[in-house]
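The values are calculated or read from the model by the stated rules, or taken from the named source; none is laboratory data. Computed from a predicted structure; not experimentally measured. So basically every Cβ, Gly included, is an ideal-geometry build from the backbone, and we count neighbours across all protein chains shown.
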Amino acid sequence: MATIEERVLDSKNRHMEFVATGRLVTARPREATGETEDRGSKIEDRAELCAPEILAIDEVAGQVIDGIDSKAILSRMADIGPEARLFLHRPQGKVLRAEVYEDPRICPEINRGAVIENLKEKPKDVSGWRTHDFIIDTKGCLGDECGRCSVMCPENAIHLMGKGKGSFHEIDPLACKGCYICWVECYRTAADCILVDGKTFDAAMRAKHFGE
Amino acid sequence: MATVLSGNSAAAWGFRLSRVQCYPYYPITPSTACSEQIARWVSDGALETVTINAESEHSAASQIIAAGKSVRAGTATSSKGLLYMIEVMENASGGSIPCGFFIGNRATGAPINIWADNSDAYAMRDSGAIQIFTADAQEALDGVIQGYRIAEDLRVRIPFAVNLRGFTGTHAYEGVEIPKPEDVDRFLPGYISTMPLFAPAKPVTYGAMLSALPYRRHKRNQMAALKNAVEVTQEVGREFGERFGRSYGLFDWIGDQKAKLVVALLGESAGAGEVVVRHLQGKQGLPGVALLKIRLFSPFPASEISQALAAAGTKAVVVLDEGLNHGGVFPPLAQRIATAVQLHLGSHAPKVASVIGGLGGSEVRQEHFQLMFNLADNIAEGKPLRAEPYWLDIDEDPIFVENEQQVNPKLWKKWGEVWKQQKRKEKYFSALPQETDEVRIYSRAGQGAITSAVGFTGAGILTGSRLLTVPAFGSERRGAIITTDTLVHGGGGQKIRSFNRTWDVMVLYDDTILYSPEHQALDGLKESGTLLINSSRLTVKKLREQLGAGKANVRIFTVPAAEIAERLGLKHINMAMLGALHRVYEKIPLEKALPYYERHVPKPRELSLEAIRLGYAECTDQGAKKRVKEVRLPVTAEFLAWRPEDHSQIAWPSETEEIRAG
C-alpha cells in the first residue's frame, strides 16, 4: 500500500499545527519553539505598549531623569506656570520623547478623553445594595478544586484563600451586591456551601430562582 | 518637481507621508480613489499600514477610533458615509483620540446627488472634530500632514477632518509637490498615545459611563482643548511654511488689505473668486475688495477673523455657503461669521449677508462673485438687505431683479421693497480678462480621454506651464459622451483654478459626437479656436457647415486616430489623439513633452509613443484626403473583459514608479 504524504498546512495558530494526510486534516500541538516564549517576555518592552508619563513641575524637580536637560525643561515649565506638564516617554528607562506643554484641562481631576486608569480606581463599598448577607461556609467549600463562584462573580468579590487542601473561598462583604449569581452557579448547589442570611438551604428561595 | 496627482491621490500621499499605521475604510464617491490608492500601496509593499475593508462606514469609524487609542489612524469618506460615521465620531473627540479623516465633500440626499457641496461637512460640525477646508490637491496633501500634527499636539488631542470639494477638487489633476519623506518625519514625529489601550503596566478604560458631575467637567475640558486648535493651527502652519515653503494660516485674505467689501467662503470655489478679485482690485471708482478664504472652520477662529475685518475697515461681508442649516437663521458659515463679528466688534461690526450657492455640484462661477461684490457694495451703502439667505442661480429668486414678472409672486410680496432698492451696478460686471487657454475633450467613456488629458497635464507642467485637468463625472455608462477639461496658463504668477468656459481647443475623440442631439459639442468654442476631430471620413467643408456662421476663423484639424491605433494594434485611440493635440496646441511642443511621455505613457510603451508620433504627423488641416472605409476597432473577447481595475494599473501617472525613480 502506498503511503500518503503528510503535509503541514500554513497556519498562524501558535499552539496547534494542522497536518493534511490526503483529504484528512488533523490537528496536533505545535512543538514548543523559543520564539513564542521570547515574544511573551518582550511584550512589555515594546515602546508602543509602554504608557508615557505626564509629570508636573514638582514631579520633574523631585527626580533625576537621565537623557533630558532637566534644567532647561524646568525653566520652560516655570515660564508656562502651574499648568505646565512634561510628557515623558521612556520605555525601559530610555527617553524617546520629552515634550513640555500646557495642560488644556479646566477641570484637572478628569483625565483627557474621560479615560479611567483601572489601577487607580479604589474599590467602592456597595454593601448598601444588598438585602441579604452572603457568606461562604469554609467547611462546605471545595477550595481550589472548584472556584466556579469566583469566576462567575460579576463584581470580582470572591477570592480564593489558601492553597490545596484546606483552601476555601471568601466573599468580600464590601464588594458583594447580593446578586445571587454565586449561589445559583455553585457546583454544590450551595447545599452546605453558601449561606444566605445564615441559612444553608431554603426550598422556597431555590424554587424562586430555579423555578423548581 | 511637481507630480501630477488628483486631489484624492494627494490626500493618500498625505496619509502615506504621515506614516499612518491603520487605515480602515469603506469606499464612497468621491473619496474612493484615496482609499484605493492606499490599498494599492499596501498590496505593492510600498506602504506598511494595516488596511481593513470595513463592512460599513460606521465600522470603519469605530475601527479608526479603536486603532487611534494606540497608533496613528486615518480614513477617507464622503456624504452619507460621513453621516454614518458621525454617530461614532463623538467617541473620537470625546475620547481625545487624534485620528484623521479625509472628506471629499458631497451633497447629502434626498434627492440623491453624487456631486459636491459642503452638506456633509456641515452635518459633522457639532461632533467635536477639527475641520480644515482645503482648496486644491496640494493643500489637501499638506492639510493631512498638518492635521496630524495639530490633532496630536498635547494641548489638543482631538480628531481632525480635511475637506476637499468633490470632483472639482478630488478628481482634478494638477501638479503637486510631494515633500520628501525624511523631511515630513522631522516635521511630524511618530504618534505616542497618552493612554495606550494595551499598556500592561497601566491598564485603562475608554468610554466609561460618567454621571452628570464628571460628564459636564469632561465636556468643559474637551471644549478647552478644541479651542486650543486655533493657536496650534497657526503655529503648525507657520512651521510648515518654514520647512516646506508653503505657509498656512487660519484663513487667506486675498485682495486689498483695506477691503471695504469682502466675500467669505470655504474651500475650492475660491478659485473663481480670486480671478474676480484680481480683476476688480484697484479699479477706478470701486471700493477695495477681498476674498476671505477660511481654512479652519472648526474651531472657528472668531476673534482672529473679526480682528482682520476690523483692521481692514470692512463695511460689508457677503458669506457664501455651499450647504444649508435647515431651519436656522443663516447657514453655518454665515451664522458663525455673523455671531463672531457681533460678539467681537459690537456696533462696529460689518453688515453680514448670506448667499447659498454651489449646491449639489452647481459651479460657483466668476459672475457669481461679481454679483456678490455688487451685493456687498449695496449693503455697505446702507441699502436694505434680506434677513434671510440669498440664493445663486434660482431664476424665481434672483439677487437682483431685472424683470419683476420672473420673480415668484409670494417672494415679491415679502421682499419686493428690498429688491427695488438693490440695484445691479454695471461696473462690477465688466468683461473678465482671459488669462488661460482652455482645452475641452469630448469623448465616449472608455476611450481613454482622461488618461491622455492627465498625460498632457504632466507634460505641460514639465515644460513650465501650470495645468489643471477636471474630468466631468456623473452616472455615465461606458460609451456615453463625457467631457474632460484642461486649463493651461503660463508658468509662475498666479495659480488659476477657474474655467471661463470658452474653449480654445475642442477635441472630439469620436466624430459621431457631432451629431448627438443632446450635446451641442461645438458651443463655447472660441471664434479663433481650434477644432480637432478623430475622423477618417469628414471633410473640412462638411465640418464648416456643422460649425455654422460666425465661426469662419476656427481652425479645423482631423486625425485618423482609429486607423493609427488599428495599424499599431492598440486598443485605445487616446495616444494618437494626444500626439495630434500637441500638433494643434503649439504652446506645449511635442519635442519638449516627449521626455515625459517616454517615462510615463501606458504600456506597451513603445507602441504608445509611436501612436503619439503618428498622431502628431498625420494630423492635418486639410480634412480627410478621401473618403475611406469606416474603421472600427475589433471587438475582441479581451476588449469585452476589460474592467476599470485593469485600466487603473496602467493609469497615469504611476505614483509608485515616480517615487522609486526619484
Can you name the residue in region B:505-544 that is in contact with a Lys or Arg (Cβ under 6 Å, 6 or more places away or on another chain) and either under 21 Å from B:Phe456 (Cα atoms) or hydroxyl-bearing (Ser, Thr, Tyr) (or both) and, of all such residues, is surrounded by the most Cβ atoms within 10 Å (Cβ to Cβ)? B:Met506
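Among the residues of region B:245-254, are any touching a residue at least 60 places away in the same chain (Cβ under 8 Å), closer than 17 Å to B:Leu320 by Cα and β-branched (Val, Ile, Thr)?
No, because not a single residue in region B:245-254 is touching a residue at least 60 places away in the same chain (Cβ under 8 Å), closer than 17 Å to B:Leu320 by Cα and β-branched (Val, Ile, Thr).
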For region A:124-141, give me the residue count where each residue is touching a Cys at 6+ places or on another chain (Cβ under 8 Å) and part of a loop (DSSP other than H, G, I, E, B). 5
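Being surrounded by fewer than 17 Cβ atoms within 10 Å (Cβ to Cβ), away from every other protein chain (no Cβ under 14 Å) and not β-branched (Val, Ile, Thr): is that true of B:Lys180 here? Quick ask: steps written out before the conclusion?
Details: surrounded by fewer than 17 Cβ atoms within 10 Å (Cβ to Cβ): yes; away from every other protein chain (no Cβ under 14 Å): yes; not β-branched (Val, Ile, Thr): yes.
Yes, satisfied.
This table checks each residue for (1) closer than 30 Å to A:Asn118 by Cβ; (2) touching a Leu at 6+ places or on another chain (Cβ under 6 Å).
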{"residue": "A:Asp137", "(1), (2)": "no, yes"}
{"residue": "A:Gly140", "(1), (2)": "no, no"}
{"residue": "A:Cys146", "(1), (2)": "yes, no"}
{"residue": "A:Leu174", "(1), (2)": "yes, no"}
{"residue": "A:Tyr180", "(1), (2)": "yes, no"}
{"residue": "A:Cys193", "(1), (2)": "no, no"}
Only one of (1) touching a helix residue (DSSP H, G or I) at 6+ places or on another chain (Cβ under 9 Å); (2) at positive phi does not apply to B:Gly382, and that is (1)
Would you check which residues across region B:568-609 are of a type in the set (A, V, I, L, M), closer than 22 Å to B:Ile533 by Cβ, part of a loop (DSSP other than H, G, I, E, B) and within 30 Å of the chain's Cα centre (by Cα) and list them? B:Ile573, B:Ile588
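Can you tell me which residue within region B:220-237, out of those that are charged (D, E, K, R) and facing chain A (nearest Cβ under 9 Å), is surrounded by the fewest Cβ atoms within 10 Å (Cβ to Cβ)? Talk me through it step by step, then tell me what you get.
Here is the first cut: in region B:220-237, the residues charged (D, E, K, R) are B:220, B:227, B:231, B:235.
Still in the running and facing chain A (nearest Cβ under 9 Å): B:220, B:227.
Numbers: B:Arg220: 14, B:Lys227: 16.
Among those residues, the one meeting the criterion is B:Arg220.
Please go through region B:206-219 and give me each residue that is outside any helix (DSSP H, G or I), more than 7 Å from chain A (Cβ to nearest Cβ) and hydrophobic (A, V, I, L, M, F, W, C), ordered by number.
From region B:206-219, those outside any helix (DSSP H, G or I) are B:206-211; that's our starting set.
Adding the requirement that they be more than 7 Å from chain A (Cβ to nearest Cβ) leaves B:207, B:209, B:211.
Across region B:206-219, the qualifying residue is only B:Met209.
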Pick from region B:592-626, criterion within 14 Å of B:Gly455 (Cβ to Cβ) and in contact with a Pro (Cβ under 8 Å, 6 or more places away or on another chain), ranking: modelled with the lowest pLDDT: B:His600
Which numbered condition trips up A:Asp125, out of (1) of a type in the set (Asp, Glu); (2) crowded, with 16+ Cβ neighbours inside 10 Å; (3) more than 9 Å from chain B (Cβ to nearest Cβ)? (2)
Checking A:Cys141 against (1) within 30 Å of A:Glu185 (Cα to Cα); (2) more than 14 Å from chain B (Cβ to nearest Cβ); (3) surrounded by fewer than 18 Cβ atoms within 10 Å (Cβ to Cβ), the condition it does not meet: (3)
Filter result (in contact with a strand residue (DSSP E or B) (Cβ under 7 Å, 6 or more places away or on another chain) and of a type outside the set (A, V, I, L, M)) within region B:270-283: B:Gly273, B:Glu274, B:Gln281
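Would you tally the residues in region B:389-406 being under 24 Å from B:Leu333 (Cβ atoms) and either aliphatic (A, V, I, L, M) or without any contact (Cβ under 8 Å) to a residue 40 or more places away in the chain (or both)? Quick ask: steps written out before the conclusion?
Pass one, region B:389-406, residues under 24 Å from B:Leu333 (Cβ atoms): B:389-394, B:397-400.
If we keep only those that are either aliphatic (A, V, I, L, M) or without any contact (Cβ under 8 Å) to a residue 40 or more places away in the chain (or both) too, we end up with B:390-394, B:397-400.
Adding up the residues that qualify gives 9.
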Counting only residues in region B:395-409 that are surrounded by 13 or more Cβ atoms within 10 Å (Cβ to Cβ) and farther than 30 Å from B:Ala312 by Cβ, the one nearest to the chain's Cα centre (by Cα) is identified as B:Asp397
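Would it be correct to say that A:Tyr187 is surrounded by 15 or more Cβ atoms within 10 Å (Cβ to Cβ) and either closer than 30 Å to B:Ala229 by Cα or at pLDDT below 90 (or both)?
On the way: surrounded by 15 or more Cβ atoms within 10 Å (Cβ to Cβ): no; either closer than 30 Å to B:Ala229 by Cα or at pLDDT below 90 (or both): yes.
For A:Tyr187, the condition - surrounded by 15 or more Cβ atoms within 10 Å (Cβ to Cβ) and either closer than 30 Å to B:Ala229 by Cα or at pLDDT below 90 (or both) - is not met.
Out of everything in region B:53-74 that is in contact with a strand residue (DSSP E or B) (Cβ under 6 Å, 6 or more places away or on another chain) and in a loop (DSSP other than H, G, I, E, B), what residue ends up being surrounded by the most Cβ atoms within 10 Å (Cβ to Cβ)? Walk me through it before giving the result.
Restricting attention to region B:53-74, the residues satisfying the condition of being in contact with a strand residue (DSSP E or B) (Cβ under 6 Å, 6 or more places away or on another chain) are B:54, B:57, B:60, B:63-64, B:67, B:71, B:73-74.
Add one more test, that the residue is in a loop (DSSP other than H, G, I, E, B), and what stays is B:54, B:71.
Working: B:Ala54: 18, B:Val71: 20.
Step by step, filter region B:53-74, then rank; the result is B:Val71.
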Of everything in region B:108-118 that's in contact with a Ser or Thr (Cβ under 9 Å, 6 or more places away or on another chain) and under 20 Å from B:Gly271 (Cβ atoms), which residue is surrounded by the most Cβ atoms within 10 Å (Cβ to Cβ)? B:Ala116
Any residue at all in region A:103-121 that is assigned to a helix (DSSP H, G or I), free of Cβ contacts under 8 Å to residues at least 60 places away in the same chain, among the aliphatic types (A, V, I, L, M) and within 14 Å of another protein chain (Cβ to nearest Cβ)? yes
Kindly indicate whether B:Gly175 is surrounded by fewer than 24 Cβ atoms within 10 Å (Cβ to Cβ), among the small types (Gly, Ala, Ser), away from chain A (no Cβ under 14 Å) and in contact (Cβ under 8 Å) with a residue 60 or more places away in the chain. yes
Residues located in region B:132-159, provided they are over 16 Å from B:Arg19 (Cα atoms) and within 14 Å of chain A (Cβ to nearest Cβ): B:Asp153, B:Leu154, B:Arg155, B:Val156, B:Arg157, B:Ile158, B:Pro159
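If only one of B:Phe240, B:Phe167, B:Phe244, B:Phe198 is of a type in the set (Phe, Trp, Tyr), surrounded by fewer than 20 Cβ atoms within 10 Å (Cβ to Cβ) and more than 10 Å from chain A (Cβ to nearest Cβ), which one is it?
Values: B:Phe240 fails: surrounded by fewer than 20 Cβ atoms within 10 Å (Cβ to Cβ); B:Phe167 fails: surrounded by fewer than 20 Cβ atoms within 10 Å (Cβ to Cβ); B:Phe198 fails: more than 10 Å from chain A (Cβ to nearest Cβ).
Going through B:Phe240, B:Phe167, B:Phe244, B:Phe198 in turn, the sole match is B:Phe244.
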From the residues in region B:185-195 that are touching a Gly at 6+ places or on another chain (Cβ under 9 Å) and either under 17 Å from A:Glu121 (Cβ atoms) or small (Gly, Ala, Ser) (or both), which one is farthest from the other protein chains (Cβ to nearest Cβ)? B:Ser193
Counting only residues that are assigned to a strand (DSSP E or B) and within 10 Å of chain B (Cβ to nearest Cβ), which one in region A:89-100 is surrounded by the fewest Cβ atoms within 10 Å (Cβ to Cβ)? A:Arg97
Cβ-Cβ below 7 Å, separation at least six or inter-chain, first residue in region B:309-338 and touching a residue at least 24 places away in the same chain (Cβ under 8 Å), second of a type in the set (D, E, K, R) and crowded, with 23+ Cβ neighbours inside 10 Å: which pairs? B:Glu322/B:Asp117; B:Gly323/B:Asp117; B:Pro331/B:Asp321; B:Pro332/B:Asp321; B:Leu333/B:Asp321; B:Ala334/B:Asp321
Out of all the residues in region A:156-173, which are surrounded by 13 or more Cβ atoms within 10 Å (Cβ to Cβ) and part of a loop (DSSP other than H, G, I, E, B)? A:Ala157, A:Gly162, A:Ser167, A:Asp172, A:Pro173
If only one of B:Leu594, B:Leu590 is on the phi < 0 side of the Ramachandran plot and out of contact with any His (no Cβ under 6 Å at 6 or more places or on another chain), which one is it? B:Leu594
